[in-house]
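Worksheet for the structure shown next.
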Amino acid sequence: MNFLKGVKVNLIGARCGVNGHDWRESVSSELESFGSNILSSYVKPYIYTPREYPHTHEHLKKMKDTGYFQTLSYSSDICGKDHSWVAEHMRAVREHEIDNVKKCDIVICYLDPDIFTMGAIEELSYASLFKKPIFIIVPGGSANIPFWLLGMVPHKYILNSFKMLGKTIVDIDNGNISIKEDDYWGLNIQTLGL
C-alpha cells in the first residue's frame, strides 16, 4: 500500500551513553526503503543548525566534567563578557530538535531505561501535545517505561524491541496500523458528538 512513502519520521533518543548513531542508521535504512524522509539529531538539512556527530556528546561531556564551560567570544579587555559554549550549543540543538518534532509526521523513540535522557522526554512531550503518532522502543517494554509516558502514548505503541518496530513499520506501510491523527489517538468525532 506504501503508506510510508513521503512520510517525515523523526528519530529521537539518547545520543550519549549509548550508540545512538547505530540504531538511527539501521532504522533510517529500513524507513528509507519504504520512501520515508528521516529527521534526526544526526541529519541536519538546514544551514544554520549546530552539527552533531557521534562524538559530539563525548566532547561536550568532557568539557562539562572538567568544568570548562566558558569560552570568550572577545578579549575580556574588550567586552568583559563570557558565553557558555556548551549552553549555547545545546540551546541551538534543543531548538532544532523541537522544530523537527513540529515538522515530522510520526515519531520513533528509543529509550534506554538505564540512561536519563531529558531531551527525548521533552521531545515526546511536544510530540504528544502536537498529536503526532509516537512509537517508543524500550527494552522490557511497558514494564520499564516511566509512568508519565504511559499516560502520553497509547500502550500498544510501546514496543520492547527493534524487531517489533520492524513489524510495526511494515504494518504501517500496509495500512494495518493507521498514523492518521484521529485513528492513532482514538479520536472519533462521531463518538465525541461533534
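The values are calculated or read from the model by the stated rules, or taken from the named source; none is laboratory data. These numbers were taken from a predicted model, which means no experiment stands behind them. Cβ: placed from backbone, ideal geometry, glycine included. Neighbour counts: every protein chain shown. Just so you know, the surface numbers come from the protein's heavy atoms only, side chains and all, with ligands and any DNA or RNA stripped out. Shrake-Rupley method; radii C 1.70, N 1.55, O 1.52, S 1.80 Å.
What the table below lists for this structure:
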item	result
Rg ratio (alpha-carbon, reference 2.2 N^0.38 Å) - region 80-129	1.39
Mean separation of Cα contacts under 8 Å (6+ apart) over length of region 87-194, as relative contact order %	22 percent
Neighbour net charge for Phe162 - beta-carbon separation under 14 angstrom, K R +1, D E -1	-1
Most to least accessible of Lys64, Lys132, Lys156 (protein chains only, probe 1.4 Å)	Lys156, Lys64, Lys132
11 Å beta-carbon shell around Leu129, net charge (K/R +1, D/E -1)	+1
